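This report concerns only the one structure given below.
The values are calculated or read from the model by the stated rules, or taken from the named source; none is laboratory data. Since we're looking at a predicted model, the values are computed, not measured. As a convention, Cβ positions derive from the backbone with ideal geometry for all residues, glycine included, and neighbour counts pool all protein chains shown. Keep in mind that these areas ignore ligands, DNA and RNA; they rest on the heavy atoms of the full protein, side chains included. Shrake-Rupley method; radii C 1.70, N 1.55, O 1.52, S 1.80 Å.
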Amino acid sequence: MNRMWIQLSAIYATILFIIAMIIITVTLVFPPDLDTVINRRNLSDANQEALLQLIEDNAIETIIRTAVFPPTIGFALIALVAGLIASVCASWFITQPLISLDTAIRKVATQDFDNPVAVRGSYEVSNLATSFNQMLLALQNAETRRQNLLADVSHELRTPLTVLQGNLRGALDDVYTLDKSQIAVLYNQIRQLNHLIDDLHDIAQAEANRLQLTMMGLELSALVEQVAELFAPLASDSGITIQTEVDAILPLFRGDKKRLLQVLQNLVGNALRYAKSQITLNLHHDKTHITLTVTDDGVGIPDSELPHIFDRFYRVDSSRTRATGGTGLGLAIVQSIVQAHGGTITVESQVNQGTSFIIRLPIIPTYLRD
């Protein structure tokens, strides 16, 4: 990078040198035509005769070459030196932001993401620095998510593996004999591990934009009723009613039936954990979107927790375990599936009044469907 400003300085200096030499050459080789100069002046006859006499005696030419040319050449050389200094400064000013950017890029290569570059220089260089800082922030966030993911996965795997290891070690040491109840405990731990692995696979596919969707025409009202009937017995045992409010006429929606059922089951399952007496599934549409809302009258979510509700492994109640609060990946997967369908999901909640998850899915015009 240091070579660049030297090269620019050399280029600028060469251009200035050429210009100066042209000026000097023109001045020396093509002196002014004194006769023309005299004729253009309104001089008296006596003055003109005196000047002509000096010209004939070569006095004027001698004066010009001795008194005019040296200062002209001197000024040209001074201008050349000043231009050289200015070109070096200008080249340094142009390349210095690029030197800083090069240093920052080398630090990024060593996993150092804490050195944004100063936005300065020309318009193009400033835009380059801004884009680099944005990329640096994205890389820093990605690295943070990666580290958090590793920590969360190791934490989630530790408990079931510890249970399995302890029980199997006890059986091998003849501390106790595994009966059906103990085998059932081990089996449930294996199921938890499989569930966690499936969730991690879905998250990885979604983040790589490779979440597989089998698109088909769907009646979302039928899916809502199906999920309501599925959870009705469990809700009844807890003294909770599930109510559906569906528009009489809904457009056919193009989506993945299995994935959308996964979304509904996850949201309703979460609502059952927190609802006091009622869960409402509301499905309506306008000209451009179908809106699905899952509402419960539970404890609600504090405002400080709402921005993190879709984060991986995040639980509002940190004391909840996998047995009572899932893997902490459910809502992150729900968000990924909704986004894969081109939709959005938001949450509204008030403490001690309830929570609503609102999904908006775009209606694809009939003439655009396959």
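With every protein chain present, what accessible area does residue 195 have (1.4 Å probe, heavy atoms only), rounded to the nearest 10 Å²?
Spelled out: residue 195, probe radius 1.4 Å, area about 90 Å².
As a test of reading the structure, rank 178, 272 by solvent-accessible area (1.4 Å probe, protein chains only), most first.
Correct descending sequence by accessible area is 178, 272.
Taking θ = phi - 60°, what integer Hz values does the Karplus form 6.51 cos²θ - 1.76 cosθ + 1.60 yield along the range 202-209, in sequence order, with x for Gly and Pro?
These are the phi-based 3J(HN,Hα) values: 4, 4, 4, 5, 5, 5, 8, 6 Hz.
Need one value: the accessible area of residue 312 in square angstrom, 1.4 angstrom probe, rounded to the nearest 10.
We get 50 Å² for residue 312.
As a test of reading the structure, rank 257, 287 by solvent-accessible area (1.4 Å probe, protein chains only), most first.
Ranked from most to least accessible, the order is 287, 257.
Say R0 is 45 Å: what FRET efficiency, to the nearest 0.05, do residue 363 and residue 183 get from their beta-carbon distance?
After rounding to 0.05, the efficiency reads 0.35.
List the lysines whose Cα sits under 27 Å from the Cα of residue 287, skipping any in the same chain fewer than 8 residues away.
Reachable lysines: 257, 258.
So, taking all protein chains as they sit and a 1.4 Å probe, how much accessible area belongs to residue 124, in Å² rounded to tens?
Surface open to solvent at residue 124 totals about 120 Å².
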